[in-house]
């Protein structure tokens, strides 16, 4: 499974001039993708699109729950912002070691970042 960070989906949704095509290519070519429910909320705040969950389903990105265990685990990772720590904790608690992200902060932890 590959975890998809907010920035990649945002680039895709907004056809970002620099990163939109690369995000689209990755989302089309990679399989077994997932993200956190936190991503749905952040994307709604950024885009005001109410159908984010449906869009994610259409592009093959499963949504993992944001749980108390994820939040408790995220508190431990001071190398990352709390938002990134939630993504990282979601990955680790679900046995995911690869992230599709343009955020170099994930290079500070034990995951493989691609973009």
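Overview of values
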| quantity | calculated |
| --- | --- |
| Angle between the chain longest axis and helix 37-47 axis [Cα atoms, degrees, rounded to 10] | 40 |
| Calculated FRET value between residue 58 and residue 109, using beta carbons and R₀ = 25 Å, to 0.05 | 0.25 |
| Span from the region 1-33 Cα centroid across to the region 65-84 one, whole angstrom | 23 |
| Potential extension, residue 29-residue 44 segment - 0.36 nm per residue separation minus Cα distance | 2.9 nm |
| Percentage relative contact order, region 2-114, counting C-alpha pairs under 8 Å, at least six apart | 30 |
| The chain: angle of helix 20-29 to the longest principal axis, Cα-based, in degrees nearest 10 | 80 |
| Between 0 and 90°, nearest 10: helix 82-93 axis offset from the chain longest Cα axis | 80 |
| Length released on extending from residue 37 to residue 51, taking residue separation times 0.36 nm less the Cα-Cα span | 3.7 nm |
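Bear in mind that the values in this text are calculations on the coordinates, not laboratory data. Because the structure is predicted, anything quoted here is derived from the model rather than measured. In this analysis, Cβ positions are derived from the backbone assuming ideal geometry, glycine residues included, and neighbour counts consider all displayed protein chains.
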